[in-house]
Amino acid sequence: MKIVYFRFYSLLVLFSIVISTQTLKAQGCSDAGVCSIGPMTHNNTMADDASNGEIRVKPTYSLGEKQTHIIGLQLEADYNVNDKVYFQFVMPYIVSTGDLGTAAGLGDITLSLSVPVYKNDNVVATVFGGTKIPLNDGNLSDNGKALPMAYQPSLGTFDALAGIAVNVNKFLFSAGYQHPLTQNNSTYVNPNQTAESKLLTTNGYERMPDLALRAEYKKTAESKDKWSWKAGLLGIYHIGEDSYVDPETNERINIENSSGLTLNITGGIVKTFDKYTIGSDLGFPVMAREARPDGLTRTVALSFWVGWKF
């Protein structure tokens, strides 16, 4: 059975590499965003045999717009309060490098609370809410030149997060909403911008909300010497067109084709060793909206993590 799990995951990795050589790219979630918080994905802390909580360290790698390499180290913590309220904390440190330069810094902190509202032998329904807190203004520069959003470790906005998740046996169905409460201070201007440009002008950037929908299947290991795995689909609908301020005319301009749906395939494996866990998660696109000024484009996103249960 171990071989089956690794073959399954190896196929996902191979497929993602093939996809990454193509021109198709899709929106990823904010490195600390609604797509992966709390019960939006299968979470060991909320399992029936869970401990009081878990602390995880997660190295990450993703490939962004115009071959921008995004390397991160993420600290995550879950805490189970009497099986009634679940708290989660996420904080990434991100280094982005590409043809235009390098930017590094702490990303966005995510805080969330999850509360199960219905539970029987086969179904668990959970609601959650939270916030995303920026640790910089989304306008880091390199050698005095403002960098595009693809290089920024933070979206630079305070966001409100909310959603619901329903577990039905081995299946998870979840929906989350992410709404910017503020906007960032980006001053990036692409002097050669065309309709085909990937790194778009975001001077005076206003980002619209996102709706995330996930359907996921998880196969739980039957014994401690085996691996659990999960696979699913993650859709992200960007509600409305983003906009920027033309620095010459001071006119606010909508970014055409920046609204719409993107779809990602996701997967992961995890193994438990008493109080310790190791795992890996993978995501890659199958369709995308045309314009993605928020810098969240990912050709492939891969992470490994080590956790300690307490």
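The values are calculated or read from the model by the stated rules, or taken from the named source; none is laboratory data. In this text the structure is predicted, and so the values were computed from the model without any measurement. Ideal geometry is used to build each Cβ from the backbone, glycine not excepted, and the neighbour counts take in all protein chains shown.
For the reader, a short list of remarks on this structure follows.
- Selection over segment 229-253 of residues that are touching a strand residue (DSSP E or B) at 6+ places or on another chain (Cβ under 9 Å) and polar (S, T, N, Q) gives a count of 1.
- Taking the numbered list (1) farther than 24 Å from ASN257 by Cβ; (2) in contact with a His (Cβ under 7 Å, 6 or more places away or on another chain) in turn, MET208 passes all entries but (1).
- When segment 62-96 is filtered for residues that are farther than 14 Å from GLY38 by Cα, touching a residue at least 40 places away in the same chain (Cβ under 8 Å) and more than 18 Å from the chain's Cα centre (by Cα), only LYS66 remains.
- Among the residues making up segment 58-80, a single one is closer than 18 Å to GLY268 by Cα and among the acidic types (Asp, Glu): GLU76.
- Leading residue by the ranking (farthest from the chain's Cα centre (by Cα)) among those in segment 275-293 that are in contact (Cβ under 8 Å) with a residue 40 or more places away in the chain and more than 21 Å from THR41 (Cβ to Cβ): LYS275
- Taking the criterion of being at pLDDT 90 or above and among the acidic types (Asp, Glu), the only residue of segment 267-289 that qualifies is ASP281.
- Complete set of residues in segment 64-108 that are of a type in the set (S, T, N, Q) and either part of a strand (DSSP E or B) or within 14 Å of ASP142 (Cβ to Cβ) (or both): THR68, GLN74, ASN80, GLN88, SER96, THR97, THR102
- Boolean, ASN122 is more than 30 Å from ASN190 (Cβ to Cβ), touching a residue at least 40 places away in the same chain (Cβ under 8 Å) and exposed (fewer than 14 other Cβ atoms within 10 Å of the Cβ): yes
- Some residue of segment 64-72 being surrounded by fewer than 22 Cβ atoms within 10 Å (Cβ to Cβ) and at pLDDT below 95: yes
- All positions within segment 212-228 that are touching a strand residue (DSSP E or B) at 6+ places or on another chain (Cβ under 9 Å) and hydroxyl-bearing (Ser, Thr, Tyr): TYR217, THR220, SER228
- Of the residues in segment 33-42, not one is more than 23 Å from GLY307 (Cα to Cα) and either at pLDDT below 95 or touching a Pro at 6+ places or on another chain (Cβ under 7 Å) (or both).
- Residue check, LEU172 touching a strand residue (DSSP E or B) at 6+ places or on another chain (Cβ under 6 Å) and either small (Gly, Ala, Ser) or under 21 Å from PHE158 (Cα atoms) (or both): no
- Failed item in (1) outside any strand (DSSP E or B); (2) in contact with a Phe, Trp or Tyr (Cβ under 9 Å, 6 or more places away or on another chain); (3) among the polar types (S, T, N, Q), with ASN136 passing the rest: (2)
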